[in-house]
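The values are calculated or read from the model by the stated rules, or taken from the named source; none is laboratory data. Predicted model only: the values in this text are computed from it and were never measured. Here the Cβ positions follow ideal geometry from the backbone for every residue, glycine too, while neighbour counts run over all protein chains shown.
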Amino acid sequence: METFWEYFSVLAPSIGVGLIFWLVMHSLFRGDAKERSAKARAEEEEAQEWARAKAEKSDTGQN
């Protein structure tokens, strides 16, 4: 059992740092994906508004 605790004490810090690294990277990638989807939605809404304004402008005969 003593050997187990020796190995555990050697490996635990590396596993802990690896887990923290994974959590940070997971959060970064998730945040980036959410930001990209929000930006895409905003750009789509802006494009629809622009197309609607252009259509209204052409209906009234203005350039």
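Given L19, L23, which one is at pLDDT 95 or above and under 15 Å from the mean Cα position of the chain (by Cα)? So that I can check it myself, show each step before the final result.
Values: L19 fails: under 15 Å from the mean Cα position of the chain (by Cα).
After applying the criteria, what remains is L23.
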Query raised in the report: Restricting the search to segment 38-63, which residues are polar (S, T, N, Q) and surrounded by 10 or more Cβ atoms within 10 Å (Cβ to Cβ)?
Result: Q48, S58
Query raised in the report: Out of segment 31-63, which residues are part of a loop (DSSP other than H, G, I, E, B) and either on the phi > 0 side of the Ramachandran plot or of a type in the set (D, E) (or both)?
Result: G61
Query raised in the report: Hey, any hits in segment 32-55 for a residue that's modelled with pLDDT under 95 and over 35 Å from the mean Cα position of the chain (by Cα)?
Result: no
